[in-house]
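Heads up: the structure comes next, in structure tokens.
Read the figures in this text as sums done on the coordinates, not as results from a lab. Remember, predicted model here, so these are calculated numbers, not experimental data. Here the Cβ positions follow ideal geometry from the backbone for every residue, glycine too, while neighbour counts run over all protein chains shown.
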């Protein structure tokens, strides 16, 4: 089966997730689809698998235009997708899941289905116990079940979205072997969506690279990693010239930290951030950098290891205790995790202030908010609700609510979605904090920002932290390699 | 009837604005029409029914006093619910908290001997404590065990009823022999002083008014009230801003439980004179309807509660005059709340005023998160 995507476009508000992407997928090949977060990989694959329709553009199967209005119709046309989180029903047995959406007769023919399932799994050396409950299976086994289910449903083109996340090395080998078998012996088309260069190099015959919603390159693989990295992240910008700043004593020290759960563990994290230092964390979303920030904030408890604040062990402290000790945390979702949509700016200020009287002095609070609105250049009034502010102003509000002075400031995506002016303003505020001796640990998806603004940088990949690099001596190129899991 | 199509946009907008302004009346009218239709089906003239209900609620002084006597505990419970609703909590367990208040007061009345003022004071304090503890169980189940307050509350409601039945038929049964109806009447000094021949205790009116005033002040002017408001709107953001959500949930529930317990004491010490099988008479559930109908407008609560009290008392007279069961009053109030919830958002039904519409989500009661703790712990990455 030969599938062609022609000029696929998909917009989400002002964001062009897919901007006229055309590509051709031939029988018996394994394709790699590469790109940063937000490059448009998932959107494109969701369109191909019928999960969402494109705004414009066409999908041709063997030269015939097709219209997928649901994953089920896509599968009848032979396109199946394995999602990153398996879409199975954990409280059911394997056999029930297998039959789900396949056998619509009453009564269900369990015997025949079990034989089918058994047959398919032996063909790919999977060991699936048909009567096991899905929640007793490992991630890899659930994936195998889903793969078999898609094949039984008639999939000729199989999309695998980050399939190696959360599975063991052994299962990865099994998966890759079965993928090769499917392509080479059975003539299926496979698409591997991944950001791990090694996997693409090992498995694929051809790679497509997306950036900012466009297809920016394709290449036969294996090839030089260099080329792929350059296409993924664009041209390497000049190294930043950072003004020298005298750093103080270590404020945050993380020693042998282990945290997280079965979905994502961060292991053996060691780092220290000094007073006045800006420390940047890079990595694709879901690589563990957010876990580290949340562990430092006290939102997730470490499994082992220590976190020290100005020399004092705070590992067991609650979020609120750390907050009153001078640790501030600002999350990525401004209106979901940080601000309350329907509360006024003044109400936010009253809530965020460390000292409280029983009765609220509304007039005093309003005046203080007026002052901060002027100081932080927020476009809004004390009685505006947080939801009425623009993204940039919400970010300024979050800054306006921070205590002074702070020992440690933890920040997620400080400038995501902000225009250049707001971005520069936010960083000026960071630098003011830095002058006061605040240690700053932030994460961002923007590598240029990380290199330009940080003193030192660490990169996360699959829950592991890379060596720590100095911002003055690194490049987008190097970080790109580290993001791909290469040291 | 045909409306003249107006040429100017301005007129259209005004008409829509007028419709939006009058919107709150629509569900009330719809509920009345629905109930009238029901009466017609049962071969009763709506006019007769309305007159009977009016007579039952307002006809004579004794009727009016009954309405007020019923209104007081309803008001206490509704006032408590204003606090829990503000914190985004569905305190369905209020019924059980009322019953526990009644049990607490009864225990004092049956077991303790003291001069009247002291005895009554102890009764009220114990009743409030009992209601608060019953609410504390719900709060702990929620904060410690992650049991949603609706389920915890329902379970504790059942337990409260079972406990009442056990006490009535067991340890507290009257000397002349057990019945499922109630305990022996309490001594006069244990009861709230009543106004003449009615079931209305003037003192209880004072409780309701003081409680309501306190809650209005607490919700408007205190830091605690602001914390509850933030918690009710976005529990996780509030937590990040520094609000200890668990503590506030426990406090809000206990506050509500204490007022509900006081309501239960008023029921047992003035409406009745003993602990009865159905001591609450559904006041807790009715109070939930009152607060939902008021939709966060605190000032509406006393009036809605009074209206409901009148309708429910009128239903009793209705039964005497017609063959209809007194539950018609309950049907009317229930249907009214259903219609209010159904019509609560004119925008969802396609009536919009471009000037007023913002895209910040539906109004409050609809938008109440069923589980403000849906995201208790950050998922990370």
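The DSSP beta bridges internal to the protein assembly as shown are antiparallel in roughly 55% of cases. Between residue B:342 and residue A:7, take the C-beta separation as r, use R0 = 41 Å, and let me know the FRET efficiency to the nearest 0.05. E between residue B:342 and residue A:7, to the nearest 0.05, is 0.35. Between residue B:181 and residue B:112, residue separation times 0.36 nm minus the direct Cα-Cα distance comes to 22.6 nm.
Between residue B:50 and residue A:261, the distance separating the two model label sites (each 7 Å from Cα on the Cα→Cβ line) works out to 5.8 nm. Taking the square roots of 5 times each eigenvalue of the Cα gyration tensor of chain A, largest first, gives ellipsoid semi-axes of 45, 25, 24 Å. Note on residue A:58 and residue A:285: the extension gain reaches 78.7 nm, defined as 0.36 nm multiplied by sequence separation minus the Cα-Cα distance. Can you check what the Kirkwood hydrodynamic radius comes to for segment B:70-294, Cα pairs only, in Å to one decimal? Across segment B:70-294, the inverse of the average 1/r is 17.5 Å.
Averaging Cα coordinates gives a centre for segment B:284-320 and one for segment A:132-174; these two points are 57 Å apart.
Can you give the percent of C-alpha pairs in segment B:96-180 whose distance is more than 16 Å? I get 59 percent for the Cα pairs in segment B:96-180 exceeding 16 Å.
Between helix A:362-375 and chain A there is an angle of about 80 degrees, using the helix long axis and the longest principal axis of the Cα atoms. Placing dummy labels 7 Å off each Cα toward the beta-carbon, the span from residue A:89 to residue B:217 is 5.6 nm.
Would you please state which residues of segment A:375-402 a label at residue A:362 would reach in this model, taking the label point 7 Å out along Cα→Cβ and a backbone N cut-off of under 13 Å? What the label zone holds, given the 13 Å backbone N cut-off, is A:383.
Computed over segment B:70-294, relative contact order equals 44 percent, with contacts defined as Cα pairs under 8 Å that lie 6+ residues apart.
Among beta bridges from DSSP that stay inside chain A, the antiparallel ones total about 55%. Sorted ascending by nearby beta carbons within 10 Å, beginning with the fewest, A:159, A:167, A:128 become A:167, A:128, A:159.
Between segment A:430-487 and segment A:303-317, the alpha-carbon centres lie 22 Å apart. Looking at the P(r) of the protein assembly as shown, how many percent of alpha-carbon pairs lie beyond 36 Å? Everything past 36 Å amounts to 61 percent. Averaged over the residues of A:322-330, the number of partner chain Cβ atoms lying within 10 Å of the residue Cβ comes to 1.
Take the Cα of residue A:379, step 7 Å along the line toward its Cβ, and report every residue of segment A:1-32 whose backbone nitrogen sits under 19 Å from that point. Counting only backbone N, you get A:14-15.
Residues B:198, A:22, arranged from fewest to most other Cβ atoms within 10 angstrom of their Cβ, appear as A:22, B:198. What the Cβ-Cβ distance of residue B:34 and residue B:165 gives, at R0 = 30 Å and to the nearest 0.05, is a FRET efficiency of 0.25. Between residue A:371 and residue A:468, the distance separating the two model label sites (each 7 Å from Cα on the Cα→Cβ line) works out to 3.7 nm. Take every pair of alpha-carbon atoms less than 8 Å apart whose residues are at least six positions apart; their mean separation over the length of segment B:98-228 yields a relative contact order of 18 percent.
Seen against the Cα atoms of chain A and their longest principal axis, helix A:420-435 is set at about 50 degrees.
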